[in-house]
Amino acid sequence: MKIAIVCYPTFGGSGVVATELGLELAKRNHEVHFITYSQPVRLALLNPNIFYHEVNVPEYPLFHFQPYELALSSKLVDMVKLYGIELLHVHYAIPHAYAGYMAKQMLAEQGIQLPMVTTLHGTDITLVGNHPFYKTAVSFSINHSDFVTSVSENLKQSTYELFDTKKEIHVIPNFIEQKNVDFDISQCRRIVMAKPEEMIITHISNFRKVKRIQDVISVFYGIQREIPAKLMLVGDGPEKERAEQQALDLGIYDKIIFFGNSNEIDPILSYSDLFLLPSETESFGLAALEAMSSSVPVISSNTGGLPEVNVEGVSGYLSNVGDIDDMVENALKILRDKETLAKFKEGAKEVSKNFSIEKIVPLYEDLYFKALEAI
Ligand code: GMT
């Protein structure tokens, strides 16, 4: 199949899922065309089945906002015609599903039918898309997609609650490639992060408000009062400065390493003992799954799709949003003795196997075949 994938090329979960999906589809002999404004961060281009087409938006002083949707839909039409692309898969409704719909219409006028699969990822529904300024167009885009998928059952229900749609939504959870430790251990040693007696606690995110970074710091504060520990903060975003200030105020700045956006996620996770994800909402929580796949138990909030990923008492524990005391108590339950920690590490790894790439990617392929049959 020749498939175009439209996604955000950044470190965010939706872009990562789209990129990993495209790479796996390429391995399965599909021809995959990524169409976006810069090269997706995890994309390996030296692959005969992978193409990348950049969307350029020329700057013009008349425009206060440069019209990305227009450039994207034009690019889609051109690439579909040039390469004979058969199917379009857009990740994140805004504005990709909208631009995809326009491309479909333009192509239909020329006698080309292009089925479109839209994957909803979370904030496109629960935070941004739900804003009254976007809602009408997002509802329209969902209703005019040929197939719609969501990354969790919870996100599917939220979509029905928040949008005017009766469209069937197929739940296809996010996935993870079960990796063997493939980094050079001599390049990154545990001692760089913590002393042997210190537990390594990790959080990875885009440091937006929704991630509740202040809770990450507070939970870590509670943990390190009871047992020796270090906190690895990976990622960058608007709340980072406030997190640094909070760490200074609490006198624990020297117990935290701020990595920024890092390409060393695998080694960091492989040395981690616990992962914190206390988000306000999370449609899935891909970062938690990545941690679990590296045998790292998760302390998370119990909102959104997180209970579908983190299994209470097996891969970690879940608490109400903002319940710092409960999160600290649960973290200490896991970390206090070696046997319990080992049990949770094993539990995390086992649960992550439910989301293996081999199990999940065929669900997308099945949907693609259905979409092609339907035209
Ligand atoms: O908030 C983020 O982490 C980024 C955001 C995105 O769109 O990239 O993540 C959303 O999609 C991920 C991949 O499907 C999910 O794992 C995240 O839970 C979801 N974020 C939220 O719902 C807040």
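Taking the conditions exactly as written (within 15 Å of the ligand (Cβ to nearest atom), within 20 Å of the chain's Cα centre (by Cα) and either at pLDDT 95 or above or not β-branched (Val, Ile, Thr) (or both)), does LYS179 satisfy them or not?
In short, no.
Which one of the conditions (1) closer than 29 Å to PHE175 by Cβ; (2) in a helix (DSSP H, G or I); (3) β-branched (Val, Ile, Thr); (4) touching a residue at least 40 places away in the same chain (Cβ under 8 Å) does THR340 fail to meet, given that it meets all the rest?
Condition (4) is where THR340 drops out.
Checking GLY13 against (1) over 21 Å from the mean Cα position of the chain (by Cα); (2) within 16 Å of the ligand (Cβ to nearest atom), which single condition isn't satisfied?
Here GLY13 meets the rest and fails (1).
Anything in segment 286-310 that is of a type in the set (Gly, Ala, Ser) and under 19 Å from ILE217 (Cβ atoms)? List them, or say none.
The answer is ALA287, ALA288, ALA291, SER300, SER301.
Is there any pair linking a residue in segment 207-220 that is among the small types (Gly, Ala, Ser) to one that is surrounded by fewer than 23 Cβ atoms within 10 Å (Cβ to Cβ), with Cβ under 7 Å and at least six apart or on different chains, and which?
SER218/ILE324
Scan segment 185-196 and tell me whether some residue there is within 16 Å of the ligand (Cβ to nearest atom) and out of contact with any Ser or Thr (no Cβ under 8 Å at 6 or more places or on another chain).
No; the residues of segment 185-196 include none that is within 16 Å of the ligand (Cβ to nearest atom) and out of contact with any Ser or Thr (no Cβ under 8 Å at 6 or more places or on another chain).
Given the conditions (1) crowded, with 24+ Cβ neighbours inside 10 Å; (2) modelled with pLDDT of 90 or more; (3) of a type in the set (A, V, I, L, M), and given that ILE125 satisfies all but one, which numbered condition is not satisfied?
(2)
Kindly provide the set of residues from segment 316-337 that are in a strand (DSSP E or B) and either within 12 Å of LEU274 (Cβ to Cβ) or basic (Lys, Arg) (or both), ordered by number.
Result: GLY316, TYR317.
So which residues in segment 24-38 are closer than 24 Å to ALA103 by Cα and not polar (S, T, N, Q)?
Once the filter is applied, which keeps residues that are closer than 24 Å to ALA103 by Cα and not polar (S, T, N, Q), segment 24-38 yields LEU25, ALA26, HIS30, GLU31, VAL32, HIS33, PHE34, ILE35, TYR37.
Can you name every residue in segment 75-87 that is surrounded by 12 or more Cβ atoms within 10 Å (Cβ to Cβ) and free of Cβ contacts under 8 Å to residues at least 12 places away in the same chain?
Once the filter is applied, which keeps residues that are surrounded by 12 or more Cβ atoms within 10 Å (Cβ to Cβ) and free of Cβ contacts under 8 Å to residues at least 12 places away in the same chain, segment 75-87 yields only ASP78.
Can you say whether PHE275 is within 13 Å of the ligand (Cβ to nearest atom), buried (at least 24 other Cβ atoms within 10 Å of the Cβ) and among the aromatic types (Phe, Trp, Tyr), as far as the supplied structure shows?
no
May I ask you to list the residues in segment 300-315 that are within 16 Å of the ligand (Cβ to nearest atom) and part of a strand (DSSP E or B)?
SER300, SER301
How many residues does segment 88-100 contain that are surrounded by 24 or more Cβ atoms within 10 Å (Cβ to Cβ) and more than 13 Å from the ligand (Cβ to nearest atom)?
Count: 5.
Assuming GLU280 fulfils every condition listed in (1) within 15 Å of the ligand (Cβ to nearest atom); (2) buried (at least 22 other Cβ atoms within 10 Å of the Cβ); (3) not in a helix (DSSP H, G or I) apart from one, which condition is it?
Checking GLU280 against (1) within 15 Å of the ligand (Cβ to nearest atom); (2) buried (at least 22 other Cβ atoms within 10 Å of the Cβ); (3) not in a helix (DSSP H, G or I), the one that fails is (2).
If you go through segment 35-51 one residue at a time, how many are surrounded by fewer than 23 Cβ atoms within 10 Å (Cβ to Cβ) and touching a Cys at 6+ places or on another chain (Cβ under 9 Å)?
Adding up the residues that qualify gives 0.
Go through (1) in contact with a strand residue (DSSP E or B) (Cβ under 7 Å, 6 or more places away or on another chain); (2) under 22 Å from VAL151 (Cβ atoms) for VAL314 and report which single condition fails.
For VAL314, the failing item is (1).
Counting only residues that are in contact with a strand residue (DSSP E or B) (Cβ under 9 Å, 6 or more places away or on another chain) and within 12 Å of the ligand (Cβ to nearest atom), which one in segment 125-141 is farthest from LEU286 (Cα to Cα)?
GLY129
Is at least one residue of segment 104-117 within 16 Å of the ligand (Cβ to nearest atom) and either among the aliphatic types (A, V, I, L, M) or modelled with pLDDT of 95 or more (or both)?
yes
Considering each residue of segment 198-217, count those that are within 9 Å of the ligand (Cβ to nearest atom) and either outside the structural domain of PHE259 (by TED's automatic domain parsing) or within 12 Å of PRO278 (Cβ to Cβ) (or both), and give that number.
Result for segment 198-217: 3.
The values are calculated or read from the model by the stated rules, or taken from the named source; none is laboratory data. Bear in mind the structure is a predicted one, so any value in this text is a computation, not a measurement. FYI the Cβ positions are ideal-geometry reconstructions off the backbone, even for glycines, and counts take in every protein chain you see.
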